[in-house]
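To keep things clear, I will list the structure first and then write my remarks on it.
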Amino acid sequence: MTTWFTSDTHYYHRNIIAYCNRQILLDEYGEVGPISKFSGTLDDAVKSMNKLLVQRHNEKVKPDDDVWHLGDFAFCGKDRAIEILEQLNGRKHLVLGNHDYSLIKKIAVFFDEIVDYKMLKVHMHYQADDGEIVQYHQPIVMCHFPILSWDLMRHGSWHLHGHCHGTLKATNALRLDVGVDTHNYYPISVEDIQNLIALRTVVPE
């Protein structure tokens, strides 16, 4: 079983395509019609975006995996949101984003947990120089919004967030934007995050 993280999928949100330059990626798949022809129903661009996000989610996430979605799941009504959720693999957990509150009560049954903030401790291990397998629980602070100073920050905890769509300047702090726009529209595993974090040091921002 693997633990995955993602954020800011914005299913059914037409304007996010231009805002985050998702048109560039969609063009590569040759499935996108002119965005300007939107006339009250879903246009080809939105349908292609949804299809691509679901496809990339399921390429990585298996049915028994845990998935933490760090907010801004979808811009649509209950029926369309359920249509997406029923296609997505994994046991789903949601950290609420600023655009989730009007929808979440209608789709809450699809999530094992819904929170505003979460300190998660993930079981991990590594092989020491002497060959011994060292096991530990990695603390992970999750919030939709980036936090300047978070719990156990100076003691190796990670902070995962969304909201910024890759626009927040990177630092050496153990903080990572897990939004789909920063990871080629894929969720990212805890192991991959560990590899990225290993390249950083804990220093004051």
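Note that the range 99-152, at 10 °C in a medium of 1.306 mPa s, gets a Stokes-Einstein diffusion coefficient of 111 µm²/s from its Kirkwood radius over C-alpha pairs.
The slack between Lys47 and Glu191, meaning 0.36 nm per residue of separation minus the straight C-alpha distance, is 48.7 nm.
Average accessible surface for the range 143-195: 44 Å² per residue, computed with a 1.4 Å probe over protein heavy atoms with every protein chain in place. Principal axis extents of the C-alpha atoms in the range 42-111 (largest first, rounded to whole Å): 30, 27, 19.
Between the helical axis of 44-60 and the longest alpha-carbon principal axis of the chain there is an angle of about 30 degrees. Between Glu59 and Lys105, full extension at 0.36 nm per residue minus the direct alpha carbon distance yields a gain of 13.7 nm. Max-minus-min Cα coordinates of the range 72-192 on each principal axis give 55, 29, 26 Å, with the largest extent listed first.
Put simply, when 174-182, 59-67 are sorted by average Cβ atoms within 10 angstrom per residue, most first, you get 174-182, 59-67. Annotation: lysines with alpha-carbon distance below 26 angstrom to Lys78 (same-chain offsets under eight excluded): Lys37, Lys47, Lys51, Lys60, Lys62, Lys92, Lys105, Lys106, Lys118.
Taking 0.36 nm per residue of sequence separation and removing the Cα-Cα distance, the Val115/Asn172 pair yields an extension gain of 17.8 nm. What is the percent of Cα-Cα separations in the range 138-205 that go past 15 Å? Result for the distance tail: 49 percent. How large a share of the accessible area of the chain, in percent, is made up of carbon and sulfur atoms when the probe is 1.4 Å and the other protein chains stay in place? Here it works out to 51 percent. Can you work out the PRE-style zone for His123? Point 7 Å along Cα to Cβ, and I want the residues of the range 58-84 with backbone N under 20 Å. Residues 62-68 fall inside that zone. Diffusion of the chain by Stokes-Einstein, at 4 °C in a medium of 1.567 mPa s and with Rh set to the Kirkwood radius over alpha-carbon pairs, works out to 73 µm²/s.
The values are calculated or read from the model by the stated rules, or taken from the named source; none is laboratory data. All values reported here derive from a predicted model rather than from experimental measurement. Here the Cβ is made from the backbone with ideal geometry for all residues, glycine too, and neighbour counts use every protein chain on show. Just so you know, the surface numbers come from the protein's heavy atoms only, side chains and all, with ligands and any DNA or RNA stripped out. Shrake-Rupley method; radii C 1.70, N 1.55, O 1.52, S 1.80 Å.
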